[in-house]
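The values are calculated or read from the model by the stated rules, or taken from the named source; none is laboratory data. If you're wondering where the values come from, they're calculated on a predicted model, not measured in any experiment. Cβ placement follows ideal geometry from the backbone for every residue including glycine, while neighbour counts extend to all protein chains displayed. To get the accessible areas, we keep the full protein, side chains included, count just its heavy atoms, and leave off ligands, DNA and RNA. Shrake-Rupley method; radii C 1.70, N 1.55, O 1.52, S 1.80 Å.
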Amino acid sequence: MRTAVFPGSFDPFTLGHLDVLNSALRLFDKVIVAVGYNSGKKGFFPPNTRVEIIRQAIGENQRVEICSYTGLTVDLCKEKNADFIVRGLRTTTDFDLESVISQANRTMEPELLTVFIPAGHEYSFISSTVVRDVIVNGGDASGFLPKGVDISKFIEQNRQGK
Ligand code: ADP
């Protein structure tokens, strides 16, 4: 069985991420969407909320697992028995950053292959940063987010510090 890890901050998960995930599901039997977080760095949404948003975005799918992790992606791949890492590419800047990370991962784990999936052109401008800016400034971010995500609920939870 071909298993890939799709790691990211997913703060929050967007239509761009969903597009990459759907492409990855054409290549792999199972895709593990892994929310990476750093306990010292506070994100916008807490990791458990990011996982819940992804769950709402994807619904029931036996071929998708969602988890959160800290530490190295290569260690998560070992733990999950995954031989592939999936990353999305929007721009040449993404490529420059991603190629360095993939070389580092390959040096640590030569058998682990990173697969880059190009952004769909209609989603290539979407980033979690833009979504957070829209939210912070009171705008409607739903056009950037997968159907089924009740973002207002999570914004309210964030406001109440839950
Ligand atoms: P990270 O902080 O690890 O870059 P992100 O959540 O920002 O995490 O992104 C996760 C992955 O999704 C990265 O590979 C990123 O390049 C990719 N990605 C983000 N937005 C898009 C998009 N609109 N189209 C395609 N890939 C994207």
Item checked: Unit charges on C-beta of K, R, D, E only; dipole of the chain, Debye -> 280
Next item on the list: Treating only the Cβ atoms of Lys and Arg (+1) and Asp and Glu (-1) as charged, compute the dipole magnitude of region 21-117 about its Cα centre; round to the nearest 20 debye.
Entry: 260
Margin query: Whole percent per 5 Å bin, from 0 to the bin with the longest distance: what is P(r) over all C-alpha pairs of the chain?
Written below: 2, 9, 18, 22, 22, 15, 9, 3, 1, 0
Checklist line | Taking the chain and dividing mean pair separation by its residue count, relative contact order in percent (alpha carbons under 8 Å, at least six apart) | finding: 30
Checklist line | Cα-only Debye scattering, region 1-86: base-10 log of I(q)/I(0) at q = 0.21, 0.23 Å⁻¹ | finding: -0.98, -1.16
Next item on the list: Name the most mobile residue of 47, 118, 110, meaning the one with the largest mean-square fluctuation, in a Gaussian network model of the chain with Cα contacts below 10 Å.
Entry: 110
Next item on the list: Give the cross-link partners of residue 78 among the lysines, using a straight C-alpha distance below 22 Å as the criterion and excluding same-chain residues fewer than 8 apart.
Entry: 30
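Please report, as a whole percent, how much of the solvent-accessible surface of region 95-162 comes from carbon and sulfur atoms (probe radius 1.4 Å).
Carbon and sulfur together cover 55 percent of it.
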Item checked: Estimated 222 nm signal from helices in the chain, with DSSP H stretches of n ≥ 4 weighted -39500 (n - 2.57), rounded to 500 -> -13000 deg cm²/dmol
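I'd like the chymotrypsin sites (Phe, Trp or Tyr not before Pro) in region 89-162 restricted to DSSP loop residues with at most 16 other Cβ atoms within 10 Å, sorted by number. Each step should come with its number before you reach the end.
Numbers: sites: 95, 116, 123, 125, 144, 154; in loops: 125.
Those satisfying the criteria are 125.
How big is the charge dipole of region 16-74 about its Cα centre, in debye rounded to the nearest 20, if each Lys and Arg gets +1 on its Cβ and each Asp and Glu gets -1 on its Cβ? Walk me through the intermediate numbers first.
Values: 7 positive and 5 negative charges, 38 e Å.
Roughly 180 debye, rounded to the nearest 20.
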Note to self: I'd like the FRET efficiency for residue 111 and residue 41, computed as 1/(1 + (r/R0)^6) with the beta carbon distance as r and R0 of 35 Å, rounded to 0.05.
What the structure shows: 0.75
Item checked: Between region 1-70 and region 103-138, the alpha-carbon center distance in angstrom -> 11
Check: How long is the gain from residue 61 to residue 122 if the chain were fully straight, where each residue apart is worth 0.36 nm and the alpha carbon distance is subtracted?
Finding: 19.5 nm
Next item on the list: Express the accessible area of region 42-89 per residue in Å², computed with a 1.4 Å probe while the remaining protein chains stay in the model.
Entry: 54
Item checked: Residue list for region 51-80, given a label point 7 angstrom along the Cα-to-Cβ vector of residue 130 and an amide N cut-off under 20 Å -> 54, 57
Checklist line | Reachable aspartates and glutamates, given that their alpha-carbon falls under 17 Å from the alpha-carbon of residue 41 and they are not under 8 places away in the same chain | finding: 11
Next item on the list: Go through 115, 160, 136 and say which Cα lies farthest out towards the positive end of the charge dipole of region 109-162; charges sit on Cβ, +1 for Lys and Arg, -1 for Asp and Glu.
Entry: 160
